[in-house]
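First comes the structure, then the notes that go with it.
The values are calculated or read from the model by the stated rules, or taken from the named source; none is laboratory data. Predicted, not measured: the structure shown is a model, and the values here were computed from it. Because the Cβ atoms are built from the backbone with ideal geometry, glycine has one as well, and the counts that use them run over all protein chains shown. For accessibility, only protein heavy atoms count, side chains too; no ligands or nucleic acids. Shrake-Rupley method; radii C 1.70, N 1.55, O 1.52, S 1.80 Å.
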Amino acid sequence: AMVKILKPAWVGHDSQPIFSIHVHPDGSRFATAGQDHLIKLWAMRPVVDRAAEADEAEPRLLATLDGHHGAVNCVRWSADGLLLASGSDDHLVMLWRQAAAGEAGASAPFGSRAPPSAERWRCVLTLTGHAGDVVDLAWAPAGHRLASVSLDNTVRVWEAAGAAAGGGAQLGG
């Protein structure tokens, strides 16, 4: 049986290429990574439910995460869905989580015409150490260990257990 998948017209990165997509473990949302240096979080319901897609009040774009200074090549949710990792041409891996009540979230860049985000997300950790573009990421099936691979011909394994609570990460051994 052939499966045909269509991208809704409203999912995009301002006509620039989307390099990665990853569905949240609970199926409620998905993240896209683009050449525009942005990560976008989208609601899944309007993708799978025609009535929800037709409902103007139904949120589609949940948040735009802005922090990379190069194309974002890869996005991956942790197994528990608490963290989103992104890898970019800027040689960085960034870890994102939803902002807690009363905690500052990411804001739209100055001069942006983007609508306010339905959700607030923040970068809790920036992992440095690669000397080339970060092109793929993989979370361990359990816990918060993350592997990143770069065009610098290295794979780095990070222990990011504290990041979900806003703490740090370290290079695994």
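Numerical summary
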item	result
The listed residue being of a type in the set (D, E, K, R), at pLDDT below 95 and within 13 Å of the chain's Cα centre (by Cα), out of R122, R76, R145	R122
Some residue of region 68-75 being more than 27 Å from T128 (Cβ to Cβ) and open to solvent by less than 10 Å² (accessible area, probe 1.4 Å)	no
Qualifying residue in region 54-68 (condition: part of a helix (DSSP H, G or I) and over 18 Å from the mean Cα position of the chain (by Cα))	yes
Residue list for region 22-48, restricted to those being surrounded by 15 or more Cβ atoms within 10 Å (Cβ to Cβ), in contact (Cβ under 8 Å) with a residue 40 or more places away in the chain and among the β-branched types (V, I, T)	T32, I39
